[in-house]
Amino acid sequence: MPTMGALHAGHHSLMVAASSENEVGVGSIFVNPLQFGPAEDLEKYPRNEAADLEVAESAGITAMFCPDPAEMVQGLSTKVAVSGVSDQFEGQLRPGHFDGVATIVARLFGIVLPTRAYFGLKDLQQCAVVRTMVRDLCLPVDIRLLETVREPSGLALSSRNAYFSPEDREAAAQLPMVLKNVAGAITDGSGDIAKSISIGMAELAYLGFAVDYLELVDPLTMVPVRKIGEDSRLIVAARFKGVRLIDNISIYQK
Ligand code: AMP
């Protein structure tokens, strides 16, 4: 179960699944420099290895792999790029991000040789990139996806929530509320999809969110859809009080 550390209850739930569904559960902590852009928060990304190891242990993880950045990236000649699913949304706004993710996930798979690997649906596009890579390279890994763990306010748990003041963290919970409103408007048929999305965007802007995107997509291909599918998910990315948030829900999530 790969992570970048600063572990919270979302990571814990994936680790519990990894350790309970397998004979041996292996986790990793690696703040992957290849997935950060030059203007991003690599240096200030929260790190707390001692607390993380306790979280992993409490989830029943057998072994944690915490490599040195140099060990993982220096002298690496191979880059894994998953085109198509990587191109839009996060991939468009964070050039090279998913190449960095895919390269390191492939390397971790090579090191650990897992039977199953666990990822959170919170990072929906990352799930699509990893699933596509595994399919294309015929990697013998079963990819398991788990639903997002949230604060009582509804805000998706994220290591970057630590950047918020307590008041701003509470106010940021309006993001998933708007997602639910838009999903409700789409599924109850009161408006068309494009119109429901543009109303949601306006609502978020009014609440102080700088929206990067709000879209209804197919979670396997990340292609925007204008007809509801069973698996369709509403995805959003927005900056609020200087913190960039991403989230998504199933169109039928209540
Ligand atoms: P990260 O440490 O941010 O790279 O995340 C490691 C894994 O935990 C990824 O598969 C994430 O999708 C997953 N994850 C992050 N936040 C959550 C959450 N709130 N609920 C469930 N899984 C999560």
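Tabulated values for the structure
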quantity: Simple label model, 7 Å out from Cα along Cβ direction - Arg150 to Lys241, nm; calculated: 1.9
quantity: Helix-only [θ]222 nm of the chain, DSSP H runs n ≥ 4, -39500 (n - 2.57) each, per residue, nearest 500; calculated: -11000 deg cm²/dmol
quantity: Degrees, to the nearest 10: 174-187 long Cα axis against longest axis of the chain; calculated: 60
quantity: Cα-projected label distance for Arg116 with Thr221, points at 7 Å along beta-carbon direction, nm; calculated: 2.9
quantity: For Val211, net neighbour charge (Lys/Arg +1, Asp/Glu -1) across residues whose Cβ lies under 13 Å away; calculated: -2
quantity: Angle between the chain longest axis and helix 9-20 axis [Cα atoms, degrees, rounded to 10]; calculated: 50
quantity: Distance between modelled label sites at Ser198 and Ala81, nm, 7 Å Cα→Cβ extension; calculated: 3.5
quantity: Mean separation of Cα contacts under 8 Å, 6 or more apart, over the residue count of segment 98-206: relative contact order %; calculated: 18
quantity: Förster-model FRET efficiency, 25 Å R0, Ala70 and Ala162, C-beta, rounded to 0.05; calculated: 0.45
quantity: Inter-centroid distance (Cα atoms) of segment 182-227 relative to segment 118-153, Å; calculated: 22
quantity: Relative contact order for segment 176-254, counting Cα pairs under 8 Å that sit 6 or more residues apart, in percent; calculated: 32
quantity: Rounded, prolate or oblate (a/c below 1.5 giving rounded, otherwise prolate when a/b exceeds b/c) for segment 126-227 by Cα gyration tensor; calculated: oblate
quantity: Cβ crowding within 10 Å averaged over residues, with 93-103, 236-246, 192-202, 120-130 ranked highest first; calculated: 120-130, 93-103, 236-246, 192-202
quantity: Efficiency of FRET from Cβ geometry, Tyr252 and Glu43, R₀ 35 Å, rounded to 0.05; calculated: 0.30
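We did not get these values from a lab; they are worked out from the coordinates using the rules stated. Just so you know, these numbers come straight off a predicted model, no measurement behind them. Methodologically, a virtual Cβ is constructed for each residue, glycine included, from the backbone with ideal geometry; neighbour enumeration extends over all protein chains shown.
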